[in-house]
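Below is one structure, written out as structure tokens, with a few remarks after it.
The values are calculated or read from the model by the stated rules, or taken from the named source; none is laboratory data. No experiment lies behind these values; they were computed from the predicted model shown. Note that each Cβ is placed from the backbone with ideal geometry, even for glycine, and that neighbours are counted across all protein chains shown.
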Amino acid sequence: MIAWIVFYDDGSSFTSEDGAPERAPKDGVQIVAVRDIKTGVQWISGNDHYCWQGGTWVGHNREVIRHYRIRCQQKGEPAVILNGYGLPDEDWYRIANTAYSDPRLPAKSGIHPLEETPE
């Protein structure tokens, strides 16, 4: 069962079944979809960086990434950081529509508290 999918600016994706988080391509991230027991799936987007933290993906901005690296070092864990990339709206919505309808993920059953709703 796929636990998460990373969607990229070139239309490709990388899933938990393709490899460990540290094996995911590092650049061009648009959306990270994480299977969620309460809402079916959580959509994470609009971040500068996406980090593997506490067994899941978390979005961070540029200012926080240094802190994330320090915390990983203190814990003796690898810092797994994927980089977001801005796109024109038309391109982003094309990728978002693909991600939101991806059959590899469960149906969306609610809005995750940390999720922004797309307009």
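General remarks:
- With respect to being in a loop (DSSP other than H, G, I, E, B), small (Gly, Ala, Ser) and either within 15 Å of Ile2 (Cα to Cα) or touching a strand residue (DSSP E or B) at 6+ places or on another chain (Cβ under 7 Å) (or both), Gly59 falls outside the description.
- Selected residue (only one of Glu63, Glu77 is out of contact with any Gly (no Cβ under 9 Å at 6 or more places or on another chain), farther than 20 Å from Leu114 by Cα and of a type in the set (Asp, Glu)): Glu77
- Residues being in contact with a strand residue (DSSP E or B) (Cβ under 9 Å, 6 or more places away or on another chain) and more than 25 Å from Asp91 (Cα to Cα) - total across segment 24-37: 1
- Pair list, Cβ under 8 Å, 6 or more apart: segment 46-63 residue among the basic types (Lys, Arg), other residue part of a strand (DSSP E or B): Arg62/His49
- Exclusive hit being in contact with a helix residue (DSSP H, G or I) (Cβ under 9 Å, 6 or more places away or on another chain) and of a type in the set (Ser, Thr, Tyr), set Ser101, Ser109, Ser45: Ser45
- Of all residues in segment 1-56, those satisfying the criterion of being farther than 16 Å from Leu87 by Cβ, among the small types (Gly, Ala, Ser), at pLDDT 95 or above and not in a strand (DSSP E or B) are Ala3, Ser16, Gly19, Ala20, Ala24.
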